[in-house]
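Visitor: Sharing a structure, written as structure tokens. Questions coming.
Computed from the coordinates by the stated procedures, all read-outs in this text should not be read as laboratory data. Every value quoted in this text rests on a predicted model; they were computed, and no experiment measured them. Because the Cβ atoms are built from the backbone with ideal geometry, glycine has one as well, and the counts that use them run over all protein chains shown.
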Amino acid sequence: MTEPIFGHDRLDVYRLSIEYVSAAFDVSESLSGLHRHPRDQWLRAAQSIPLNIAEGNGKRSLKDRARFFDIARGSAFECAAIQDVLVASGGLDYAYSR
């Protein structure tokens, strides 16, 4: 990434979430057919992580910040579950899911 411009750019968790989105898109290119629905949900959930981190980091109220960070955390758990579903259904190898 380039030099940080916004506050969220300085957060390790934000940068890691952007790397995760990139990896999810790379891996998901091979998913089609029966696996397209979990693939689409996975990509939406993966994108939700950095989006909510950025939005939450921009909030002044601690309660608002916590709410957006909690949503990002929930999206991360959703991604983990979707990867489990894709492994169980033969869409992903276990090595890609962890």
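Visitor: Per residue of region 36-46, what does 6.51 cos²θ - 1.76 cosθ + 1.60 with θ = phi - 60° give for ³J(HN,Hα)? Whole Hz please, x for Gly and Pro, Karplus curve as stated.
Guide: The phi angles translate into 6, 5, x, 4, 4, 5, 4, 5, 5, 5, 4 Hz.
Visitor: Run the helix sum for the chain: -39,500 (n - 2.57) per DSSP H stretch of 4+ residues, divided by residue count, reported at 222 nm to the nearest 500 deg cm²/dmol.
Guide: For the chain, the value works out to -24000 deg cm²/dmol.
Visitor: Just grab the label-to-label distance for D9 and R44, each label 7 Å out from Cα along the Cβ direction, in nm (one decimal).
Guide: 3.0 nm
Visitor: How far, in nm, would the chain grow between F77 and S32 when pulled straight, counting 0.36 nm per residue and subtracting the alpha carbon separation?
Guide: Going from the current span to full extension adds 13.9 nm.
Visitor: Enter the per residue convex hull volume of the chain, computed from alpha-carbon coordinates, in Å³ rounded to the nearest integer.
Guide: For the chain, the hull spanned by Cα atoms encloses 88 Å³ per residue.
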